[in-house]
Amino acid sequence: MADFVRTLSRDVLNTAPDGAETREWLVANGLGGYASGSVSGAVTRRYHGLLVAALPAPLGRVLMLSQLSDRVVDGEGRDFWLSCRDGDGAEDGDDGEQGRTAALQEFRMEAGLPVWRFRAGDAVIERQIVLPHGQNIVHVTYRVLEAKAPIRLRLRPVLAFRTLESAVDRPLARDYRITASGQRYEVSAGPDLPVLRMAVEGGDFSMTLDGGLRRDIYYSVEAQRGYESRGSLWTPGFFSGEVGAGQSITFVAATEEWWRLEALPPSDVLDFEGERRRRLIQNAHPCLRDGAMAELVLSADSFLFVPAGRVADQMRARAEGDEVRTVIAGYHWFTDWGRDTMIALEGLTLATGRHMESRWILHTFGHYIRDGLIPNMFPDGKDSGLYHTADATLWFFHALNRYLGVTGDRDTLRLLLPKLREVIDFHRRGTRFGIGVDQRDGLLRQGQEGYQLTWMDAKVDDWVVTPRRGKAVEINALWHNALRLMAGWLREEDGEAAARPLDELADQARASFNARFWCPSAGHLFDVVDGEHGDDIACRPNQIFSVSLDHPVLDRDRWEPVVETVRSRLLTPVGLRSLAPGSRDYKPKYFGDLRARDAAYHQGTVWGWLIGPYVDAWLKLHPEDREGARRLLEGFLPHLDEAGIGTISEIFDAEAPFVPRGCISQAWSVAEVLRCWVKTQP
C-alpha cells in the first residue's frame, strides 16, 4: 500500500489558516456511497460522513454515520482528543469535555486511502479508513505505533440518518433506538429506514450507553454557501478498551447484514483493497502508472460505480448478460450525468484499461435513449432520468467513437446503431425542448423557456443564467461530428448508399457553420447565432470544439485565430475561463450563496475539464509540440495537495491564485487530465 503515497506534513497543513480544515479526503465504495471529511476531522459540510450508504430508491444516498469522536488516555493518564471531540463543531461549552488535542504529525493518502498519524503524550497512533469495494461498510483502524504502556481508546459514534441532499436540520428521524447482542450493536429509527450496525474488531472493547446524547453542530461551509448550517447529531454512547504498542483495533459500521461484516477480518479487507488498487494502476496506460497520474487513476476509480439504487436496471442488464455501470459526475453532490459521463468516458475507462466497463456504460445509456436523447441526469433516489440536455446525446457519438478506436468492438456498434439512427432521425425532425435541425441551413437549434440545455446550465429558481437558446457553437460542432461519425459507421456496415444522406447533411451544416459563426470584427466565433437577442459575440471556450473534435467543423484557415483567442483570453494553469475578462457579465470569483455562485458559474469561472479540448486543438495546430501540450497540464499537479487531496476540483476562480471551488473531486476534470497525459507522452 505504500507504493502510491501523497503525504502532507504538519508544516504543510499549517502553512495557511485552517489548512487541515479546508483540505478534504474522500473514499468511494463503487456503489455511489462514500466516506469523506476534512483532514482536521471537523464536519464542515452536510456531505461529510464516515458512511454515506448507497441504498435502493427511493432513499438513494443516506448519511448514516457522521463522525467518530476519538479520545486517547496515554500510559501516564494524560487525556487527548485525536481529530475531533464529541460533537465537534458544537458551540463552546456545549460538550463539557476535558482534554487536550493530540498533535497531527502527518496526513497521507496511501494508495488513495486516508491515514493520519498523531502524537498523544508518549503514544504515536495511526488511523486509517477503508471502504470495502461494493459494500456499504466502513472500517476505521487504529494502530498504536509507539507507547510506553497500553493506551485507553474511546470511540464515540455520532450520527443522524439523513438523505444526502437534505438540509442539516432535516434528518429522516428524530428518535433512535439501540439494541445489543453480545458485542454487536444496531441503531434503528423505524421500519422504513436502514439499520446501522456497529462493532469493534480486535482487542477487548465494550460499549457504554450514556443515554443518547445530542450535539448541536455548526457546518461552516454550508453557512458560506447560503444553506442551513445548524443541525443536531445523536450519539448512543462510546466504545472503550486498551490497545498496546504494535496492536490495532478496527471500528466497523455498516448497513449490510452481519454476515457480510464478519466475512473477512479487517486486515484481509485492507490487503484485498490494496491489491485491487494496485491492479487498477497496473492495468492503466504505462505512462499513468506512477506519481501523480497513478493517484489520478485511483481517483478515476471513485467515479465508476454500480447504481445500487436502480435495482431494475441491474436485473435487466444481467438478464442480457451485461452489467450496469455509470459515472458519478462529482463529489459530493452530483449523481450520474449523461454529458459528464460521455466526456469523461475515455479518460476514466480507456486510458485506465477498463474497457469492459466502458462498454457497460455505453450499453447502459443506450438503453435509456428516449425520443432521440440520452438522460441529462439521474436524480438521487430516483429510478428514471431527466432528459433536458441538447448536447449529452451528441457526446454519446464521440464517446462511442473513442471506445471503438481502442477496442474495435463491432458488436457494440451493431447493437447501438439502431438507437443512433433513431437519434439522428429525431434531431432532423425535431424532438423535446425545441431541439431540432433548421431545414434552411442544416444547423441544430435548441431552447425552451425555463430550461438550460447546454453544459452552461446554471439555474436559480426561474432564472436561467446562460440560456443560450438558438444555435450554440459547440452544439453545432458536435452535431457535425456526430453526422460524420454516423456516416462512417454506416458506410462500413451498410455501404456507400446508406452513408451518403448523412454526408450531405454534414456538408450542409459545415457550410452554414462557417458562413454564420465567424465574427470578423471580433476575430473569433459567435457563441450563439439566431439567438433570442440575435448573435452572441461573447468570447467563451465553447468555440474550441469547432477545432478539437475528431471531425472539425471549422475551416482550417480559421483554426489559428480561434485557438489564439482562447489561449490569450481564456487559458489558465488549471483550465479555461468560461467567459473572457472584460466582458459585461464577467465574474472573477465563484463564492457566496447559491444565487451569487450560479451567477458566476459560467461567467468567468475556470473549468478544469476544458483543458482537454484545448490540448486537442493545440496539437492539431502544432502536432509536433507534445512537450508544450504536456506543460499545459502541469498546473494541476500542485493542486493535488489542496481541496480534495489527490484529485482535481470541478472549478476554480477566474483569476490568480485560482482558488479551487465547487466539487472537491470532479469526473471530467480527472478524466481529461489522464486522457491528455497519455496523448502528450513523448
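The values are calculated or read from the model by the stated rules, or taken from the named source; none is laboratory data. Values in this document were obtained by computation on a predicted structure and should not be read as measured data. So basically every Cβ, Gly included, is an ideal-geometry build from the backbone, and we count neighbours across all protein chains shown.
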- Item | Candidates V39, V73, V62 - the one that is β-branched (V, I, T) and crowded, with 24+ Cβ neighbours inside 10 Å | V62
- Task: Kindly indicate whether any position in the stretch 409-421 is modelled with pLDDT of 95 or more and not in a helix (DSSP H, G or I).
- Result: yes
- Query: Does any residue of the stretch 161-178 turn out to be crowded, with 17+ Cβ neighbours inside 10 Å, of a type outside the set (G, A, S) and touching a helix residue (DSSP H, G or I) at 6+ places or on another chain (Cβ under 8 Å)?
  - Reply: yes
- Message: Need the failing condition index for P581 against (1) part of a loop (DSSP other than H, G, I, E, B); (2) crowded, with 19+ Cβ neighbours inside 10 Å; (3) not acidic (D, E), just the number.
- Response: (2)
- Item | Condition broken by R630, with the remaining ones in (1) in a helix (DSSP H, G or I); (2) of a type in the set (K, R); (3) without any contact (Cβ under 8 Å) to a residue 12 or more places away in the chain satisfied | (3)
- Item | Number of positions in the stretch 624-663 that are more than 18 Å from the chain's Cα centre (by Cα) and either acidic (D, E) or at pLDDT below 95 (or both) | 6
- Restricting the first residue to the stretch 389-403 and requiring it to be of a type in the set (F, W, Y), which pairs with a second residue that is part of a helix (DSSP H, G or I) meet a Cβ separation below 6 Å and a spacing of at least six or different chains? W395/R339; W395/M342; W395/I343; F396/M342; F397/A482; F397/L485; Y403/S358
- Task: May I ask you to say which residue of G662, G644 is surrounded by 23 or more Cβ atoms within 10 Å (Cβ to Cβ) and either of a type outside the set (F, W, Y) or at negative phi (or both)?
- Result: G644
- Note on the structure: Restricted to the stretch 152-171 and to residues being among the hydrophobic types (A, V, I, L, M, F, W, C) and part of a strand (DSSP E or B), the residue farthest from Y142 (Cα to Cα) is L159
- Query: Any idea which residue in the stretch 285-336 is farthest from G662 (Cα to Cα), counting only those that are of a type in the set (V, I, T) and part of a helix (DSSP H, G or I)?
  - Reply: V311
- under 25 Å from A329 (Cα atoms), in a loop (DSSP other than H, G, I, E, B), touching a Lys or Arg at 6+ places or on another chain (Cβ under 6 Å) and aliphatic (A, V, I, L, M), is that true of A654? yes
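Tell me, which strands (runs of 3 or more DSSP E) wholly within the stretch 178-284 include 3 or more residues that are within 23 Å of A28 (Cα to Cα) and in contact (Cβ under 8 Å) with a residue 24 or more places away in the chain?
Correct list: 196-201, 248-254.
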- Query: Among G608, G592, G662, G628, which is the only one that is of a type in the set (G, A, S) and within 14 Å of L296 (Cβ to Cβ)?
  - Reply: G608
- Message: Can you tell me which of (1) surrounded by fewer than 23 Cβ atoms within 10 Å (Cβ to Cβ); (2) more than 19 Å from the chain's Cα centre (by Cα); (3) within 24 Å of R432 (Cα to Cα) is the one M377 doesn't meet?
- Response: (2)
- Would you mind stating whether P265 is farther than 30 Å from L213 by Cα and surrounded by fewer than 16 Cβ atoms within 10 Å (Cβ to Cβ)? yes
- Do we have any residue at all in the stretch 195-207 that's of a type in the set (K, R) and over 22 Å from L153 (Cβ atoms)? no
- Could you say whether any residue in the stretch 400-411 is more than 28 Å from G347 (Cβ to Cβ) and within 30 Å of the chain's Cα centre (by Cα)? no
- Message: Given the criterion at pLDDT 95 or above, surrounded by 22 or more Cβ atoms within 10 Å (Cβ to Cβ) and touching a Phe, Trp or Tyr at 6+ places or on another chain (Cβ under 6 Å), identify the matching residue among V566, V553, V528.
- Response: V553
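Go through the residues of the stretch 259-269 one by one and say whether even a single one is farther than 30 Å from R661 by Cβ, β-branched (V, I, T) and in contact with a helix residue (DSSP H, G or I) (Cβ under 9 Å, 6 or more places away or on another chain).
Scanning the stretch 259-269 turns up no residue that is farther than 30 Å from R661 by Cβ, β-branched (V, I, T) and in contact with a helix residue (DSSP H, G or I) (Cβ under 9 Å, 6 or more places away or on another chain).
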- Query: Only one of (1) aliphatic (A, V, I, L, M); (2) part of a strand (DSSP E or B); (3) at pLDDT 95 or above is not met by L104, so which one is it?
  - Reply: (3)
- Query: Has the stretch 674-681 got at least one residue that is over 23 Å from E222 (Cβ atoms) and of a type in the set (S, T, N, Q)?
  - Reply: yes
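May I ask you to say which residue of D457, D441 is modelled with pLDDT under 95 and assigned to a loop (DSSP other than H, G, I, E, B)?
D457
Look through S36, S40 and report the one residue that is at pLDDT 95 or above and closer than 24 Å to G231 by Cα.
S36
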- Is it the case that the stretch 397-420 has a residue that's of a type in the set (A, V, I, L, M) and within 28 Å of N29 (Cβ to Cβ)? yes
- Message: For the stretch 429-440, give me each residue that is over 14 Å from L373 (Cβ atoms) and either surrounded by 19 or more Cβ atoms within 10 Å (Cβ to Cβ) or touching a strand residue (DSSP E or B) at 6+ places or on another chain (Cβ under 6 Å) (or both).
- Response: V437, D438
- Note on the structure: Per the filter on the stretch 311-348, residues of a type in the set (K, R) and buried (at least 24 other Cβ atoms within 10 Å of the Cβ) are R325, R339
- Message: I'm told Y451 meets every condition in (1) surrounded by fewer than 16 Cβ atoms within 10 Å (Cβ to Cβ); (2) in contact (Cβ under 8 Å) with a residue 24 or more places away in the chain except one. Can you identify the failing condition by its number?
- Response: (1)
